[in-house]
Every structure is written in C-alpha cells, then in structure tokens.
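What follows is one structure encoded as structure tokens, with my remarks underneath.
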C-alpha cells in the first residue's frame, strides 16, 4: 500500500461531446475493437440521435468492474446525444451466455434473478440519466417479451433463419466444442438466437439500431444484425470494445478477496478506491482513457506528470477519485479517502457509527457495557485486553510502555490512562490500535 497524501477532490469535469465526435472519441480512448461498418459508421451516427443498447446478464445482485466497459460506452453515447438502452437479461440470464466461458453456467431461479435485477438497476442509474428528455436512458428486461414467446413460434419465426453451420462457426460456440470434456449444451447453444431476437425486438419497439458489447460478443451481435436483415429487411450496426484486462493479459478487477463489485455492500468504497490506487503503472493510462470523463489533454498531462514522478502515483490517485465518485458518489469517495487517511495514522474524530462500521468492516469488534466509561472510566489496560489486542494485562502494559498503543489513532501516553465518554468517536465506538496497523473496535452498549 502506498503512502497517504491529503486528497484534493477536483470538480466534476464539464464533458462536452457531440454526435459528430463519438467515433473519434471512442477511438482515441482505445474503446473500439471492431465495428460492422467502419467506413460509414461515423457519418451515420452524426446524422441524428440514434438508439443504442448493451446487455447485462443478471448472474449476481451487483455489477462488477468487468461491466464498466459497456457501462461507460453507453454513458458516452448518451453524452453525445444518443439514446441508451440498458437491457438486463431476465430471460437470457436463465440460459447463460457461452461467450468467454469454459464451462456451463449454473442456471438461476426466478427469485434469484429478480433480486439480481433489482440490485443492478440501482447501479445502472449511477451511470445513465433516465430523465433528460428525448435521449433519456431506458431500462428493459427481455423476460417481458421472451416470456410471451412460445417455443414453436420461436422455432418458426427465428430458428429457421439460423443455419447451424453459421452458428458452429462462431468463436463462442467453436471454442466450447473443442473442449471435449465440457462441450456445450443445447441450452447454451441456443443463447445466440435469444440475443439476436433481442436486437430485432428492440429495433421494432424502440427504434434501436446499434448494439454495443465486449469483443467476446461479436458473434452474438452479428447474429442479431443478420436476423434483422432476414426478418425485417433493416440494417443494424454493432461496435465491440476490448475486454478489460491488465497489461499482462490477466483479468482486471480480481483481488485476493475475489471480484471487485460495484456494490458497496459487496466491495466497500475504501477497497474499491484502494484497488485503483495500487494499479500497476502500465495500466493506469488505459484506465483513465476507458473510464473517466477527463479530456484527452488532461489525461496526457496526468500521465506525463506521473512519468516524471512515478512514486507519487498521481495518475492512480486521480483515477481512484474519478471512478470511486462515479460508482459510489461523493459520500462514498469521502468515506474512502477518510479511511485511507485513518489507516495511515490520521486522528479519528467526527465520524458516525455507520461511517466507522463501513471503514472498519473487516476489523474485529467487542462489546462492553456503556457504564464502564462512567466514573473513573475504563483502564486502558483492560480495554486492550477486552479488544483482544493483548492476551494479558502484562502484554498490554508492555505495548503501552513501548509506545505502541493508540486510542482513535492518538498514542496512549501512560499505563494509567482511562477511557471515558470523551473518547467515543461515534455514538458508541472507540477505535484501538496496537502497533502500526492492528486495529480493534470497542462498542459500548
């Protein structure tokens, strides 16, 4: 972990983007992997506001860092005056997309899917504006139309337009077929048809003409374009972005404790912030381009400053600020920064119990009766033992005498120190520390 510096939170950049700029914008940000019409797409997008969509399968009750690519792509199209649709796959999520997967996904129950959809909706609203006039974002669930579509009807109207040879040629299918042990079930094999029909349905009912997705979605996107041409005689388009990987090829957003989620309940704002603070130098320029609303000149200036003094981690710090504010809001950013300062020794004061709980979510805590703070107060030696920062009174005494005991990050001056209500940080909490970074909470009830 790097040394803490006082955080100066910059103002939100005023982001100006027009329909004429969007392809050029995505290009310099390195966000375009493939397009279905490279020669004409820029002019087509500049003609008028278009409706674009990206899909999100509700395999968990939160989006994760891997979804940031599609989220920020939709966000940029809306900033340029286009209308974004976020499609959550209540129907396709019950099947599972084989793209990029080495084995069959577990099928989710209807109840779990509904809970997952609710969690994702809250996060989508942080990225997209659902109340800004004609290009307000839409949130749709493909279960709304798939549930009404009978199996025989689907085979007659959709399935007959998909030659099996074409489906077998798609990378997502071919890769799985080459894995003789896992293979692919008919359920996942049919996923391509479902996503293709989504594109046709969104075009027919919402005027959607462009689909966005990761590079692993190319086969599904082109299948939808082909189906629209066969069924409706219309021309649709697709753009894919790169998959989110580190410079060494490993997936980004994976930590020792698991996936980096966009939900504060699953990944605290402090953990999220620290992930970007500790990002490798080789990846920070790319992530500034991918995810922030900072302009080209400002990003180049930040990267140049970082190159002249890598130890300051100025680029990582700015990335952490911008992304944490986007995902967790100003309150989450302030909490993350406060936690960073605390874990580097800043005195702890003026925090609520809720804030302390968020900052010290992984720190052990113990409860004592509140009346232990009354009268002469609670001896610091007893407090250290009660918080399990010392096994015995003797060990607690030695820690204090050696200058290694802290109350709310203030060093304890003597073994006769007693704690009273004045030491409460929140409504009922005192933070104890032994040594440089071993924390414990005492809650008084």
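Worth a mention:
- Histogram of C-alpha separations across region 300-418, 5 Å bin width, %: 2, 10, 14, 15, 17, 12, 8, 8, 7, 4, 2, 1, 0
- Selected from 177, 202, 212 as most flexible by GNM, with the chain as the system and alpha-carbon contacts under 10 Å: 177
- Once the mean of 1/r is taken over each pair of separate Cα atoms and inverted, region 327-395 shows a Kirkwood hydrodynamic radius of 14.3 Å.
- When the Gaussian network model of the chain links Cα atoms closer than 10 Å, the mean-square fluctuations of 400, 277, 239 top out at 400.
- Compactness of region 233-340 is given as radius of gyration and Dmax, 15.4, 57 Å, from Cα positions.
- In summary, the convex hull built on the alpha carbon positions of region 355-444 has an orientation-averaged projected area of 5.2 nm².
- Percent antiparallel among DSSP beta bridges (both partners in region 355-444, rounded to 5): 75
- Between 165, 434, 190, the GNM of the chain built on Cα springs shorter than 10 angstrom shows 165 fluctuating the most.
- The convex hull of the Cα atoms of region 225-292, projected and averaged over all directions, covers 7.2 nm².
- Separation in nanometres of the label points that stand 7 Å from Cα toward Cβ, at residue 171 and residue 37: 2.3
- Report note on the peptides 324-333, 242-251: ranked by the mean count of other C-beta atoms within 10 Å, highest first, their order is 324-333, 242-251.
- Peptides 46-55, 293-302, 149-158, 265-274 ordered by packing proxy, namely the average of other Cβ atoms within 10 Å per residue, highest first: 265-274, 46-55, 293-302, 149-158.
- Exposure proxy order (Cβ contacts within 10 Å, fewest to most) of 205, 306: 205, 306
- Taking the DSSP beta bridges with both ends in region 32-241, the antiparallel portion is around 10 percent.
- Per-q log10 I(q)/I(0), region 216-256, q = 0.26 Å⁻¹ (Debye; single scatterer per alpha-carbon; no solvent): -0.86
- Percent of alpha-carbon pairs separated by more than 34 Å within the chain: 44
- Taking the inverse of the mean reciprocal distance over all distinct Cα pairs, the Kirkwood hydrodynamic radius of region 32-241 comes to 17.5 Å.
- Square roots of five times the Cα gyration tensor eigenvalues for region 147-241, Å: 23, 17, 11
Since every read-out is calculated from the coordinates, none of them should be taken as a lab result. Owing to the predicted nature of the structure, the values given are computational and were not obtained by experimental measurement. So basically every Cβ, Gly included, is an ideal-geometry build from the backbone, and we count neighbours across all protein chains shown.
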